[in-house]
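Asks: Sharing a structure with you now.
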Amino acid sequence: MRALLVVNPQATTTTPAGRDVLAHALASDVQLEIIETCYRGHAADAASKAAADGFDLVIAHGGDGTVNEVVNGILRDGPRPNKPMLGVVPGGSANVFAGALGIPRDPVEATHVLLQSIENGTKRRIGLGQVFADVVEGGKGRWFTFNAGMGLDADVVAGVEKKRAKGRNASPALYLTVALKAYAQNVRKPQHFTVEVPGESPFNDVGMVFVSNTDPWTYFGDKAIQLNPSTSFDGGLGLSALKTLRVPTVGRYVAQVLATGNPKSGNLVRRDDVGYVRVKCEEPANLQVDGDFLGMTTAVEFRAVPDALTVAV
């Protein structure tokens with residue numbers, strides 16, 4: 001088996017020593033090549049080349065952003081049966097995708113799971129989401145593995161990226177601080193989205209939009225945040241959209257999410273297993289996929305793509 005190990009040396013918990021241990025363990029089972037990323041998009045470029053060169057496996061060692069890039073590289077020209085499998089050894093701060101697949105967040109334990117998968121030939125075919133918007137380069141769509149959104153969550157992602165660019169480390173405290181500031185801005189100047197799903201009339205004047213490809217939606221430290229518990233890699237997309245961001249509504253929503261992981265409200269538009277979600281707004285709004293800020297836009301389509309990727313688990 002030919003395998004490429006893509007390492008993001010800037011990820012939160014990746015270290016040279018950990019990389020070497022991982023590489024040594026893998027080299028006993030596969031014909032291994034290693035690349036360390038040095039620019040944004042490098043992981044995608046490396047994975048795309050590996051797919052074109054006939055590699056059997058591409059392993060992402062980094063956070064969810066690294067995983068997203070590798071997935072977009074593998075699938076750059078679309079899903080096909082001969083595409084490499086994806087392997088994941090977490091090295092970020094949240095590692096949502098790995099957690100949703102049951103992959104341990106500890107890199108050593110995750111390496112053991114990956115080796116067992118290689119030796120036993122175990123794998124899983126999963127569905128993904130795809131985003132189409134004017135801020136996505138090439139017009140082919142951007143793949144996402146676990147979530148995407150417009151409005152408040154994308155505002156938080158944009159704010160955290162700005163802080164990290166100034167040297168701050170990603171942490172639950174940083175996300176909470178940025179989220180509170182972004183929420184206050186949204187209360188002062190609400191955003192207004194129109195949301196469409198198959199077979200229903202449009203939902204107008206929605207305040208924020210979350211789209212999930214699986215559950216949980218994210219983690220706050222070790223706490224799984226669940227917005228659409230029925231959404232999985234085996235079905236369509238989940239939609240969770242609040243009609244208003246007024247304090248009482250958001251307070252009840254957050255309390256339900258933290259307490260039960262099964263939020264319900266008259267101000268909540270929630271759907272599971274939908275084929276697409278279309279979002280429009282008059283003023284440009286932030287867009288994020290898998291915790292990666294893409295830019296600002298006024299129209300987005302999120303599509304469910306079943307059986308898009310094979311993962312070694």
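Asks: Out of the residues in the range 108-139 meeting the condition of being touching a residue at least 40 places away in the same chain (Cβ under 8 Å) and of a type in the set (D, E, K, R), tell me which one is farthest from ARG80 (Cα to Cα).
Replies: Going through the qualifying residues, I end up with ASP134.
Asks: Quick check on this structure: which one of GLU137, GLU119 is exposed (fewer than 14 other Cβ atoms within 10 Å of the Cβ), farther than 25 Å from VAL21 by Cα and not polar (S, T, N, Q)?
Replies: Values: GLU119 fails: farther than 25 Å from VAL21 by Cα.
The unique qualifying residue is GLU137.
Asks: How do the helices (runs of 4 or more DSSP H) wholly within the range 56-159 filter down when requiring 1 or more residues that are charged (D, E, K, R): which remain? Let's see the steps before the verdict.
Replies: Details: elements: 64-74, 96-100, 107-120.
Correct list: 64-74, 107-120.
Asks: Against the definition (farther than 16 Å from GLY129 by Cα, over 16 Å from the mean Cα position of the chain (by Cα) and not in a loop (DSSP other than H, G, I, E, B)), how does ASP205 come out, yes or no? Steps first, please.
Replies: Working: farther than 16 Å from GLY129 by Cα: yes; over 16 Å from the mean Cα position of the chain (by Cα): yes; not in a loop (DSSP other than H, G, I, E, B): yes.
Yes: the conditions hold for ASP205.
Asks: To continue, here is another question. Answer with yes or no whether THR249 is among the hydroxyl-bearing types (Ser, Thr, Tyr) and in a strand (DSSP E or B).
Replies: On the way: among the hydroxyl-bearing types (Ser, Thr, Tyr): yes; in a strand (DSSP E or B): no.
The answer is no for THR249.
Asks: Also: Applying the selection to the range 218-269, what residues are in contact (Cβ under 8 Å) with a residue 60 or more places away in the chain, touching a helix residue (DSSP H, G or I) at 6+ places or on another chain (Cβ under 8 Å) and open to solvent by less than 50 Å² (accessible area, probe 1.4 Å)? Break it down stepwise before answering.
Replies: First, the residues of the range 218-269 that are in contact (Cβ under 8 Å) with a residue 60 or more places away in the chain: 218-219, 224, 233-237, 245, 247, 250, 269.
Subset that is touching a helix residue (DSSP H, G or I) at 6+ places or on another chain (Cβ under 8 Å): 218-219, 224, 233, 245, 247, 250.
Hits for the range 218-269 are THR218, TYR219, ALA224, PHE233, LEU245, VAL250.
Asks: Could you list, in sequence order, all residues of the range 11-52 that are more than 17 Å from ILE118 (Cα to Cα), touching a residue at least 40 places away in the same chain (Cβ under 8 Å) and not in a helix (DSSP H, G or I)?
Replies: ALA11, THR12, THR13, THR14
Asks: Shifting gears a bit: Could you tell me which residue of the range 49-105 is farthest from ALA173 (Cα to Cα), considering only residues that are among the acidic types (Asp, Glu) and surrounded by fewer than 24 Cβ atoms within 10 Å (Cβ to Cβ)?
Replies: Keep residues of the range 49-105 that are among the acidic types (Asp, Glu), which gives 53, 56, 64, 69, 77.
Remaining after also requiring surrounded by fewer than 24 Cβ atoms within 10 Å (Cβ to Cβ): 53, 56, 77.
Working: ASP53: 42, ASP56: 39, ASP77: 39 Å.
Of everything passing the filter in the range 49-105, ASP53 is farthest from ALA173 (Cα to Cα).
Asks: Regarding the range 227-235, can at least one residue be identified that is of a type in the set (D, E, K, R) and at positive phi? Give the derivation first.
Replies: Start the filter on the range 227-235 by keeping residues that are of a type in the set (D, E, K, R), which leaves 234.
Add one more test, that the residue is at positive phi, and what stays is none.
Scanning the range 227-235 turns up no residue that is of a type in the set (D, E, K, R) and at positive phi.
Asks: Go through the residues of the range 177-193 one by one and say whether even a single one is in contact with a strand residue (DSSP E or B) (Cβ under 8 Å, 6 or more places away or on another chain), surrounded by fewer than 16 Cβ atoms within 10 Å (Cβ to Cβ) and not hydroxyl-bearing (Ser, Thr, Tyr).
Replies: Here is the first cut: in the range 177-193, the ones in contact with a strand residue (DSSP E or B) (Cβ under 8 Å, 6 or more places away or on another chain) are 186, 191-193.
If we keep only those that are surrounded by fewer than 16 Cβ atoms within 10 Å (Cβ to Cβ) too, we end up with 192.
Next, only the ones that are not hydroxyl-bearing (Ser, Thr, Tyr) stay: 192.
Yes, the conditions are met somewhere in the range 177-193.
Asks: Residue check: is THR214 at pLDDT 90 or above and either in a strand (DSSP E or B) or out of contact with any helix residue (DSSP H, G or I) (no Cβ under 6 Å at 6 or more places or on another chain) (or both)? Let's see the steps before the verdict.
Replies: Values: at pLDDT 90 or above: yes; either in a strand (DSSP E or B) or out of contact with any helix residue (DSSP H, G or I) (no Cβ under 6 Å at 6 or more places or on another chain) (or both): no.
No.
Asks: Looking at the range 272-297, which of its residues are open to solvent by 70 Å² or more (accessible area, probe 1.4 Å) and more than 19 Å from ALA154 (Cβ to Cβ)?
Replies: ASP273
The values are calculated or read from the model by the stated rules, or taken from the named source; none is laboratory data. Keep in mind that this is a model prediction, so the values were computed, not measured. Neighbour counts run over all protein chains shown; Cβ positions are idealised from the backbone, glycine included. When the accessible area is computed, the model is the full protein with side chains, heavy atoms only, and any ligands, DNA or RNA have been set aside. Shrake-Rupley method; radii C 1.70, N 1.55, O 1.52, S 1.80 Å.
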